[in-house]
Structure formats: structure tokens, C-alpha cells
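Single-structure report; data block below.
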Amino acid sequence: MAVATDREYGLFIAGESVEPASGEIRELIEPATGEPLAKAALGGEADVDRAVEAARTALDGEWGKTPGTERARLLHALADAILANRAELAELETRNVGKAISSVKAELHGVVENFRYYASAIATIGGRSNPIGGSLLFYSLKEPVGVAAQIVPWNYPLLMSTWKLAPALAAGCSVVLKPDPQTPLSALRLAELATEVGFPAGVVNVVPGDGPTTGAYLVRHPGVDKVAFTGSTKTGGEIMRLASDPVKRVTLELGGKSPNLVFADADLASAIPSSAWAIFYAAGQSCEARSRLLVEKSLYDEVVSKMGEYAEAIRVGDPLAAETQMGSLISSGHRDRVHGFVERGTSEGAEVVAGGALPDGPGAFYPPTVVAATNDLEIAQEVVFGPVVTVIPFEDEIDAIRLANDVRYGLMATVWTQDPARGHRIAARIKSGTVGINMPYTAFPGIPFGGYKQSGFGRELALESLDLYLETKSVVVSTGARPINPFAL
Ligand code: NAD
């Protein structure tokens, strides 16, 4: 198989692959080998103009008149096409991102299910009517927000594109999607498949490009009605600023520093493997990675040493090999950044229990790393976005909740305890968008996903997201028989 390397990738605008008008062609590097992977076009301002115009034309034309039942059929057809092309998509994503193909295959399952979920969710779109009383009748209509700009990061290019595209298309919006310039391939292929199954030209446009230039231009574009962004908290703040003139609707899925609480009564047979999975899958490059492992003091030494053993047993290697559990990071530059956190952590007093050393050889690999530390260190407070877990002791339940909430983020939390009442008490007191009780998995179509605090606002994956792509129009009607004469003149 050489699906990525045997072609040059254009931008995808108005139903076809096109050359960039004002952008450039860039060579992509395969993270796990350091070798060239493919040539891909990056869009500039003129390309964004073209894509926004194509999206508007689609919305004002055939797409704007497409009923919900037909949108649902198209979403199911796209899910079928993804399933039929899953081997190609899995290889593309694996080679472009460097993560293990076993993870990517699981993500593809989520991609298909997400399109199916929103195909069904279309049936929930509807206004309401309300007998206000007197001679006033009210009813509301749900209408698509318009042209949505969607900006996604490099860690899950296909899954994040899907999380954004599916509700937007279900709601009847048209889209200009901007993937990260390092990882455009799977989103481009997805747009091709959407066109092949019958989405009208211009409904799904993909313009990969650099964030501060092309991305910022897209956010500011007056032809864009809504911006949905996934990425770092810092860029999320900048997006809010850029989306303020002219004013646009904004939703933000941002960073996380999610806690994983292990109480002394936890079932360690689940808690240890699950805690390892919750940080090391996708090499820790997940917004909801449980990067802070909070452990009750009486169990601390045991958990630290078991996590160290577990980290060393994880099979790191060729992302395309079926047995690999963790591939490379996205780039050697990012790997150096991750290592910098570990080095500064040790200089501040953290102790490396496993991993923590830069490996020799090609590819952006970094070992699963376990660090014993306290919650005040940089490595416990900042988003490392790599396979590094910080293990922190706590005294009791109150202390555990205090530490869990003592970060600026609030995306996800997991609790391990065999006391059900305690699990629910903690779920009620932790400030995060999702709480798992004895359950490490996080993202399921139908369950709202998103942040508290600096992890952003708005929800994905659920009915709540559909509403973020819809406007509510209130229609008020007089049903009275007498003339209406407000000034009574
Ligand atoms: P980033 O914010 O640098 O980039 C994300 C996207 O924004 C990219 O497509 C980039 O090109 C674009 N971008 C950058 N600057 C821009 C600007 N000024 N205007 C418009 N677009 C711009 O993020 P990153 O560091 O590459 O990605 C990792 C971050 O994403 C982490 O902080 C992680 O926690 C977060 N993340 C969050 C979620 C979630 O659902 N909450 C999911 C995945 C990743």
C-alpha cells in the first residue's frame, strides 16, 4: 500500500480538487520515519475567498432546499463510503499522524458511528409552538446558521473533522474546514467521499493552511457565520477576538489537564491498565488525556511502581504494525517540546519513574513516561500533549477534589473507587465537562463532550451540538378578529 505517496493533494473547493491560487505546495514528512510522505497544497487568502463563496452558493442553491430526510440519507451514504474505504483512510491517517494503526481503526469506527448518529438526530430538529393566550399564536422555526468555518488540530484530523462536519451538515449548514497544515490528508479524502456520495458541490470545502495567516483570515471572513474551533486554549482566545468583528457565533474545544483519581478502595486490576491507557493512547496527544494521576497516599508507592512497569511494557514502534500500541509523536519538534517539560519537571523536583529519555534513531518517538510530582509544578499544570503522566498523592476525598479542580482546565475526569456514593459525590463536585466513574473511555456519539473553564464552551458529539449550528426563529401571529390599532387613534 502506498496510498499517501502516490499522489499530490490539492485543496478541495466547490466539489473538486483544485490548485492553490495564493497558497503553496508543501512536502509533508511522515512522523514515524522522518521521510517525505506526500505533497499537499496549502491555501491562502484567495483560496479562502473561493471556498467561502462556494459554501455560500451551495447554501443559497440546492443544499439550502435539501430536506432533512435527504440530508440523513447523504450522511448514511457517507458513513457507508467511509466504511468501504476504511483501509485506505486508516493508512493515510496513520502515516500522516504517526499514531498506532490500532488506535486509528478504533477512531474510524467512531467516525462512521458519528455520521450515523447525526443522520438520525436530524429527526429531532423542529421548532415548537406555544399558546401564549389572547389572540397571539407563536411558533418557532429552526434554520441553519449558514456558512460554518471549522478549524481542527493535528492530533485526530479525521475524527475532529467528523465531530464538526456531521452536526453542521445535519443542520443544513455548508462548511469550510481548515485542517492543520501538517495533517490535511484524511480530511481531503473525506471531502472527496462526500462529493462522491452526492453532497452538492460547495457543501464541504477543505482548505488546509497555516493558522495565524489562512486560519485567521477564514475566522475574520465576513462571509462566515459561525466558527467552530478545536485546538489550544491560547489560540481559542485569539479566535474569540478575531470572530468579534464582524460578530460571529463561536464554539471552542480547547486544552485539558485532566485528573484521574484512584482511591484506596479502587479495583486496581481495572484502574492501572485503564489509567495507563487514558494517557498513553494516541501517545498522550489527546485533549482529554488523563495526564494527572491523583492517588490516595496509602496506595501511592504501589501505583507509582505499577504504572512504571505498565509504561515500560507498552509496545512502541512502527505505527503500521498491528501489534503496536503507541506510535510516534506528530513531529520531532513536538517531541523536543514534550521532553522539555520532563527536563524542567525534574529540575523542579519531579522524579522520572519510567521513560523520560530521548530515544536514538529516526522518527519522532518518545517513550511512555511516568513522573512522580506535586500538583504545583509546571508539568502538572500545563498541557504537555505527549505520553507523560504525572502521579500526585492526595490525603482524602476533600483533598482529591481540591487537587482535581486546581488547574485552569476542565475537560474530563475519571474516578476509581468501589464506593458508588463516593463516585457520584465526586462527579457532582469536579468542574469538568465529562466525569467517568470506573470507566476510562470518553467519547461516544450521543454523549455531550466539551469543556468547563479554560477548556472551552459548546458541546460536540450530541444533540447539544446540533443546536449550535441552528438559529431559532420565532414567528408571532395575530389570530384576532378585531383590527389592530396600537395607538388607538
Ligand atoms: P493550535 O491551537 O496551535 O492549532 C489548532 C488549529 O488552529 C490548527 O488548525 C491551526 O492551524 C489553527 N490555528 C492556529 N492559530 C490560528 C489562528 N490565529 N487563527 C486561526 N486558526 C489558527 O493547537 P495545537 O497545539 O496544534 O493542537 C493541540 C491543542 O488542541 C492542545 O492544546 C489540545 O488540548 C487541543 N485539543 C482540544 C480538543 C478538544 O476537543 N477540547 C481536541 C483535540 C485537541
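Every read-out reported here was derived from the displayed coordinates using simple, explicitly stated rules and does not represent laboratory data. Just so we're clear, the structure is a prediction, and the values are computed from it rather than from any experiment. All Cβ positions, even for glycine, are placed from backbone atoms using ideal geometry, and neighbour counts span all protein chains on display.
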Quiz item: Sorted by packing (mean other beta-carbon atoms within 10 Å per residue), highest first, where do 116-129, 68-81 land?
Solution: 68-81, 116-129
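Which percent, nearest 5, of DSSP beta bridges in the chain are antiparallel?
45
If you place +1 on the Cβ of every Lys and Arg, -1 on the Cβ of every Asp and Glu, and leave all else neutral, what size is the dipole of the chain about its Cα centre, to the nearest 20 Debye?
On the way: 43 positive and 58 negative charges, 368 e Å.
In debye, rounded to 20, the chain gives about 1760.
Could you give the length gained by full extension between ILE398 and ASN485, i.e. 0.36 nm per residue of separation minus their alpha carbon distance, to one decimal place?
Numbers: separation 87, 0.36 × 87 = 31.32 nm, distance 6.39 nm.
The span from ILE398 to ASN485 would gain 24.9 nm if fully extended.
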Quiz item: Using the alpha-carbon centroid of each, what span in Å lies between region 410-471 and region 15-73?
Solution: 32
Exercise. As a check on your grasp of the helix formula, calculate [θ] at 222 nm for the chain: sum -39500 (n - 2.57) over DSSP H runs of n ≥ 4, divide by the residue count, round to the nearest 500.
Key: -11500 deg cm²/dmol
Quiz prompt | Listed residues VAL338, THR235, ALA119: farthest to the positive end of the dipole of the chain (Cβ charges) | solution = ALA119
Practice problem: Check cross-link reach from LYS257 to the lysines: straight Cα distance under 24 Å, and skip same-chain residues fewer than eight apart. | Solution: LYS99, LYS164, LYS234, LYS297, LYS306, LYS431, LYS453
Quiz item: How high is the relative contact order of region 201-286, in percent, with contacts defined as C-alpha pairs under 8 Å that are six or more residues apart?
Solution: 23
Self-check item: Top positive-direction residue, dipole computed over the chain with Cβ charges, set ALA77, GLY284, TYR9
Solution: ALA77
Quiz prompt | Packing-based order for 13-22, 314-323, 449-458, using average beta carbon neighbours within 10 Å, highest first | solution = 449-458, 13-22, 314-323
Self-check item: region 371-404-region 212-268 distance, computed between alpha-carbon centres (Å)
Solution: 23
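Going by average Cβ neighbours within 10 Å, how do the peptides 102-111, 132-141, 166-175 rank, with the highest at the top? It would help to have the intermediate numbers written out before the result.
Working: 102-111: 20.6, 132-141: 12.1, 166-175: 27.3.
Averaged packing, sorted descending, gives the order 166-175, 102-111, 132-141.
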